[in-house]
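Encoded as structure tokens, the structure appears first; notes follow it.
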């Protein structure tokens, strides 16, 4: 069974540009999550999508946005890039989190974004 | 902001020894998950323990959870060089679905 896949592996952009990162979940998973791992800041929750809807959002500015497609894959868009956006962006997927019980989140290999 | 803190920050042991790391957190949780990360790559899920469970085993891994103390521990027995990695605990808080909150991690180095 294929795991979570992310593309591209590396992305280099300059300040002010836009970046688009992509994620394909494990087959059967409907929830997709995005996390940022920046040096010195640890892993921070960005966004959670399920059934095409944004379900939860972390403490990030609106220039971080995304969407989930009917096939459950997802895109993370970062507009007006700043130097501090340089980080490893990790996508995870799970079965639908419901009833407050939570479920295992399986992570992809990540996209390393470098902003120059 | 991060929910939990791991202790120690770094751990250096020899092959065959046991490695123990601890995680403390602040709020009420649905479950706590442990992950491994090799050299800044993706996270590998190790084990999930629910808030109504006290101990769980998976191969050479043993996890405990004490919700009264808001703490968890991960024990790796008979460690191998391949266990060299960063280990993170992540809590699934009851007041915010889907949002795993990670600790800063413990860097484990296992020398042959």
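The values are calculated or read from the model by the stated rules, or taken from the named source; none is laboratory data. Remember, predicted model here, so these are calculated numbers, not experimental data. Here the Cβ positions follow ideal geometry from the backbone for every residue, glycine too, while neighbour counts run over all protein chains shown.
Overview of values
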item: The one condition in (1) over 30 Å from residue A:9 (Cα atoms); (2) in contact with a helix residue (DSSP H, G or I) (Cβ under 8 Å, 6 or more places away or on another chain) that residue B:110 fails to fulfil; result: (1)
item: Residue check, residue B:98 outside any strand (DSSP E or B) and closer than 24 Å to residue A:6 by Cβ; result: yes
item: Single residue of B:11, B:48 found to be facing chain A (nearest Cβ under 10 Å) and either within 16 Å of residue A:43 (Cα to Cα) or surrounded by fewer than 22 Cβ atoms within 10 Å (Cβ to Cβ) (or both); result: B:48
item: Test: residue in the range A:45-52 that is more than 27 Å from residue B:93 (Cβ to Cβ) and modelled with pLDDT of 95 or more; result: no
item: Boolean, residue B:73 is part of a strand (DSSP E or B) and either more than 25 Å from residue A:4 (Cβ to Cβ) or in contact with a helix residue (DSSP H, G or I) (Cβ under 8 Å, 6 or more places away or on another chain) (or both); result: yes
item: Positions within the range B:90-112 being within 27 Å of residue B:78 (Cβ to Cβ) and touching a strand residue (DSSP E or B) at 6+ places or on another chain (Cβ under 7 Å), in sequence order; result: B:90, B:102, B:103, B:104, B:105, B:106, B:107, B:108, B:109, B:110, B:111
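Per-residue answers, yes or no, for (1) more than 10 Å from the chain's Cα centre (by Cα); (2) at pLDDT 95 or above; (3) more than 30 Å from residue A:86 (Cα to Cα):
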residue	(1), (2), (3)
B:27	yes, no, no
B:54	yes, yes, yes
B:57	yes, yes, yes
B:63	no, yes, yes
B:66	yes, yes, yes
B:72	no, yes, yes
B:84	yes, yes, no
